[in-house]
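Undergrad: One structure coming up, written as C-alpha cells, with questions to follow.
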Ligand code: CP
Ligand code: NVA
C-alpha cells in the first residue's frame, strides 16, 4: 500500500521537499516496484518532460516508469517547442499544466525551475538544475541501501566538483543521517547555502565534512562517488577544470584506501580516465549500472506517490 506523502499533488524541486520518513517511504516503494510487489495504475495520466539540457537516464527512466504505470509522456525541448523562441516560462507553465498531470523539468538556473513551479497548477519534479539533482540522490541511496541494508554508520565520500549531484547527496545524506565527505579542489566546494541547510538537518553536525584532500576523505569510506568535473553548461570551463581537478580521479589506488567492502557509484555519464578510471567503472566494486537502473524504480515510486 502507498502511504500518503507530502508529495501527493506537490512539487519535488529539492531533496528538502521530503522528510526523512518520506525518503525512506519512497525507497521502500521503489524497492517494491523493482521486486514487482506493487502495481499502480496511472492510466490516462500524462507526464510532460521539459528538458533544456541533454539526458539519457533521467528522460528514459521517466518515460519507461510512466509507461509501466500505464500513463503516457510527452517530450519537449527548446528546439521543438516555443520555449526556444523565448516564450515566457509563466505562459508555458500555465498552458502545459492544463494538458499534463505532472511535469519533470531539467533546466539551468534553479530559479527557473521555481518559476515554472510557481505558475504550474500541477506538480513539478526537478529533473536536474545547476543546483540540485534530487531524483538522482534517491536512486543513489536506494543503491546504497540495497548493498548495506540500512544507513547506520555509513560513510559516503564524494570526490569531485561540489555541484548539483554533490549538493543533492549532501541534503539527502543529511536527511538519512549518513556521514557525507566531500573532497574537491580549492574553490570547487559546495555552496555555503547547501552546507548550512544540511547542517540544520543533521543531528550530528560532525557528519558533514568538506576537504581538499581526497586521500584523507576516502579513509574508511563505504561508498565512493564521483561525477563529471565539468557539468552541462560548463563546456567552456573544461580546460581549466581538467587542470584544477588533477589528483581527484577515482582510481584503483584511491579505492584501495577506502573500506575493503566499499562500493563505487557514478551518476553517469562518465568521462573515463578523468573523474574515474575505466578499470574502476568495470571493477567488482562498481554498482554504477545498478544505480542507473534504480533511477527507473525511484521514478515509478515518485510518480505513484504524486499522482495516485
Ligand atoms: N545521471 C543522469 O541524470 O543522467 P542523464 O543526464 O543521462 O539523465
Ligand atoms: N553534474 C552533471 C550531472 C549529470 C547527470 C551535470 O550537471 O552535467
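The values are calculated or read from the model by the stated rules, or taken from the named source; none is laboratory data. Fair warning: this is a prediction, and the values are worked out from it, not measured in the lab. When we count neighbours, we look across all protein chains shown, and the Cβ atoms used for this are built from the backbone with ideal geometry, even at glycine.
Undergrad: Just to be sure I understand, how many residues within the range 82-109 are touching a residue at least 40 places away in the same chain (Cβ under 8 Å), closer than 27 Å to residue 229 by Cβ and out of contact with any helix residue (DSSP H, G or I) (no Cβ under 7 Å at 6 or more places or on another chain)?
TA: 1
Undergrad: Taking the residues in the range 64-81 that are outside any loop (DSSP other than H, G, I, E, B), within 16 Å of ligand 1 (Cβ to nearest atom) and farther than 18 Å from residue 308 by Cβ as candidates, determine which candidate is modelled with the lowest pLDDT.
TA: 76
Undergrad: Suppose we filter the range 256-268 for residues that are more than 16 Å from ligand 1 (Cβ to nearest atom) and within 22 Å of residue 170 (Cβ to Cβ); how many remain?
TA: Here the count works out to 5.
Undergrad: Something else now. Looking at residue 84, is it more than 16 Å from ligand 2 (Cβ to nearest atom), under 23 Å from residue 293 (Cβ atoms) and in a loop (DSSP other than H, G, I, E, B)?
TA: no
Undergrad: Quick test for you: out of 165, 159, pick the one residue that is at pLDDT 95 or above, closer than 23 Å to residue 196 by Cα and within 13 Å of ligand 2 (Cβ to nearest atom).
TA: It is 165.
Undergrad: Run residue 126 past the list (1) at positive phi; (2) touching a helix residue (DSSP H, G or I) at 6+ places or on another chain (Cβ under 9 Å) and report the number of the one that doesn't hold.
TA: Result: residue 126 passes all but (1).
Undergrad: Against the conditions (1) out of contact with any strand residue (DSSP E or B) (no Cβ under 7 Å at 6 or more places or on another chain); (2) within 22 Å of residue 293 (Cβ to Cβ); (3) more than 16 Å from ligand 2 (Cβ to nearest atom), where does residue 89 fall short? Just the number, please.
TA: (2)
Undergrad: Out of all the residues in the range 31-38, is one or more within 16 Å of ligand 1 (Cβ to nearest atom) and not in a loop (DSSP other than H, G, I, E, B)?
TA: no
Undergrad: Which residue is surrounded by the most Cβ atoms within 10 Å (Cβ to Cβ), if the candidates are limited to the range 91-125 and must be within 14 Å of ligand 1 (Cβ to nearest atom) and within 12 Å of residue 48 (Cα to Cα)?
TA: Within the range 91-125, the match that is surrounded by the most Cβ atoms within 10 Å (Cβ to Cβ) is 104.
Undergrad: Additional query: Being more than 28 Å from residue 146 (Cα to Cα) and within 16 Å of ligand 1 (Cβ to nearest atom) is the filter here, so list the residues in the range 207-230 that pass it.
TA: 230, the sole residue that qualifies.
Undergrad: Also, I was wondering about something else. On the given criteria, is residue 137 away from ligand 2 (no atom under 11 Å from the Cβ), over 30 Å from residue 248 (Cα atoms) and surrounded by 15 or more Cβ atoms within 10 Å (Cβ to Cβ)?
TA: The answer is no for residue 137.
Undergrad: Please verify whether residue 61 is surrounded by fewer than 17 Cβ atoms within 10 Å (Cβ to Cβ), within 17 Å of the chain's Cα centre (by Cα), within 16 Å of ligand 1 (Cβ to nearest atom) and under 24 Å from residue 130 (Cα atoms), treating the condition exactly as stated.
TA: no
Undergrad: Give me the helices (runs of 4 or more DSSP H) completely within the range 150-247, filtered to those with at least 3 residues that are out of contact with any helix residue (DSSP H, G or I) (no Cβ under 8 Å at 6 or more places or on another chain) and surrounded by fewer than 24 Cβ atoms within 10 Å (Cβ to Cβ), ordered by residue number.
TA: In the range 150-247, 192-201, 238-244 are the helices (runs of 4 or more DSSP H) which contain 3 or more residues that are out of contact with any helix residue (DSSP H, G or I) (no Cβ under 8 Å at 6 or more places or on another chain) and surrounded by fewer than 24 Cβ atoms within 10 Å (Cβ to Cβ).
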